[in-house]
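Report on one structure; see the data block that follows.
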């Protein structure tokens with residue numbers, strides 16, 4: 001992918017800023033994005049899909065007094081730029097005044113942004129053509145099919161590489177440009193169980209750098225092992241018992257907490273954590289950070305979506321809620337002196353998001369947790385969505401493995417696990433050291449000593 005040079009992008013953003021200011025905007029933010037995506041899917045060794053796409057777009061946020069408006073366009077021509085500015089300014093006249101609206105003050109902004117130390121971009125991915133992507137996908141799927149003769153079918157394997165560029169310019173003088181990449185592979189074997197029932201499983205890996213991915217065949221082999229382990233799955237009687245969440249399942253719970261510490265949820269009163277700063281919201285074993293400085297991290301960045309320098313935020317410290325995550329708007333609504341640098345842009349619009357949101361690991365392995373649990377459920381997959389952010393009530397479908405005498409006894413499916421999230425987090429009695437860093441929500445395995453498990457009668 002041939003990236004546009006920094007000076008031409010900066011000139012483009014400055015020209016749009018000048019147009020918007022001349023049209024009456026008090027403050028202006030311009031976002032430029034481009035990306036190139038190549039994805040190959042194979043099934044049973046044969047290519048099924050090869051998809052390549054590229055995009056370029058501009059986003060514009062303008063302020064006048066206490067009004068704000070956003071617009072975006074993929075037309076980068078001179079005429080397209082003019083329409084983008086005109087549309088944003090017209091929307092300003094329709095916007096209602098909001099006493100909390102406004103760009104972040106200039107003193108908040110990064111003065112010398114440099115994301116290079118974070119190592120976010122693997123330039124070699126641009127040289128990876130379709131044939132290479134297909135070969136990687138075939139190798140990954142082959143790893144699954146060769147592991148065991150019972151693995152005789154597949155929903156396919158997909159290999160994807162993406163590179164992108166994002167630039168932000170503001171009328172307060174900020175300009176930052178960052179390039180990033182990701183390579184990923186996913187394999188989905190299918191196995192016939194008793195009675196002809198099909199058991200589907202999967203495994204995946206993702207990284208900013210291709211060289212950091214696990215070998216393709218090993219990803220496929222792990223997908224096959226996970227699928228084979230589901231053979232003979234059954235329900236368990238309804239009961240209360242300890243539940244262990246492996247890193248993938250634990251990530252789902254972590255995402256719920258992330259939504260509840262979001263400053264927008266707090267000022268809207270749509271979170272059970274309203275007015276809980278400084279109080280116990282989790283077990284003393286639980287420390288959660290939002291860390292934008294992880295080298296090659298999936299959510300790492302040098303500045304946020306408004307140009308505010310990135311900050312490592314301790315969200316929960318030894319079980320106590322330390323902060324909410326905010327952009328400049330949420331910070332004003334909550335009466336905070338400054339944002340936590342968690343502004344996230346979706347096109348031109350700005351909201352609150354996370355960077356690398358991480359439950360800090362403890363000690364030992366998932367196997368150690370199982371061995372220390374005489375009886376209970378190990379959850380490896382969750383499905384559906386049963387969570388009330390206002391009350392914290394949580395209930396979701398789950399599958400995994402039943403534990404007897406500290407060992408895996410048999411696979412389990414079609415059960416529901418439930419407990420209020422506040423009580424769940426407060427009762428965690430063990431956290432393993434197997435931190436999963438493949439996504440921006442990072443968690444190790446952990447155990448909850450008692451949850452309701454609804455299965456067979």
Quiz item: So between residue 349 and residue 420, what do we pick up on full extension, going 0.36 nm a residue minus the alpha carbon distance?
Solution: 22.3 nm
Exercise. Work out, step by step, the length gained on full extension between residue 44 and residue 427: first 0.36 nm times the residue separation, then minus their alpha carbon distance; give nm to one decimal.
Key: 133.4 nm
Exercise. Please sort 33-44, 409-420, 88-99 by packing, taking for each peptide the average over its residues of neighbouring beta carbons within 10 angstrom, highest first.
Key: 33-44, 409-420, 88-99
Quiz prompt | Alpha-carbon centroid distance for the pair region 183-204 / region 416-457, whole angstrom | solution = 24 Å
Quiz item: Which ordering of 149, 197, 230 is given by a fewest-first count of other beta-carbon atoms within 10 Å?
Solution: 149, 197, 230
Self-check item: Space enclosed by the convex hull of the alpha-carbon atoms of region 30-124, per residue, Å³
Solution: 208 Å³
Quiz item: If we sort 316-324, 137-145, 72-80, 55-63 on the protection proxy, mean other Cβ atoms within 10 Å, highest first, what's the order?
Solution: 137-145, 55-63, 316-324, 72-80
Quiz item: Roughly how many nanometres apart are two label points built 7 Å out from the Cα toward the Cβ at residue 375 and residue 408?
Solution: 2.2 nm
Quiz item: Shape call for region 355-418 from the C-alpha gyration tensor, a ≥ b ≥ c root eigenvalues: rounded (a/c under 1.5), prolate (a/b greater than b/c) or oblate?
Solution: oblate
Quiz item: How do 401, 293 line up, fewest other C-beta atoms within 10 Å first?
Solution: 293, 401
Quiz item: Ranked by Cβ crowding within 10 angstrom, fewest neighbours first, how are 440, 445, 126 ordered?
Solution: 126, 440, 445
Exercise. Report the extension gain between residue 83 and residue 37 in nm, rounded to one decimal, defined as 0.36 nm multiplied by the number of residues separating them, less their alpha carbon distance.
Key: 13.8 nm
Quiz item: Using a ≥ b ≥ c from the Cα gyration tensor of region 233-457 (square roots of the eigenvalues), is it rounded, prolate or oblate, where a/c under 1.5 gives rounded and otherwise the larger of a/b and b/c decides, a/b for prolate?
Solution: prolate
Exercise. With label points built 7 Å along Cα→Cβ from the Cα atoms of residue 55 and residue 269, find their separation and express it in nm.
Key: 3.7 nm
Exercise. With a/c under 1.5 counting as rounded, go ahead and sort region 209-330 into rounded, prolate or oblate using the C-alpha gyration tensor (a ≥ b ≥ c being the square roots of the eigenvalues; past the cut-off, prolate if a/b is larger than b/c, else oblate).
Key: oblate
Quiz item: When all C-alpha to C-alpha distances in the chain are sorted into bins of 20 Å, what percent of pairs does each bin hold, rounded to whole numbers?
Solution: 22, 50, 26, 2
Practice problem: Return the calculated 222 nm mean residue ellipticity for the chain, to the nearest 500 deg cm²/dmol, obtained by summing -39500 (n - 2.57) across DSSP H runs with n ≥ 4 and dividing by the residue count. | Solution: -7000 deg cm²/dmol
Quiz item: Between region 284-348 and region 1-67, how many Å separate their Cα centres?
Solution: 24 Å
Quiz prompt | region 260-316: Cα Rg divided by the 2.2 N^0.38 Å rule of thumb | solution = 1.32
Quiz item: How big is region 6-228 by the Kirkwood estimate over distinct Cα pairs, in Å?
Solution: 20.4 Å
Quiz item: Under a point spin-label approximation (7 Å from Cα along Cα-to-Cβ), what is the residue 11-residue 96 distance to one decimal in nm?
Solution: 4.4 nm
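A short reminder: the numbers here are calculations on the coordinates, not readings from a lab. Bear in mind that the values here come from a model prediction, so they are computed numbers and not experimental data. FYI the Cβ positions are ideal-geometry reconstructions off the backbone, even for glycines, and counts take in every protein chain you see.
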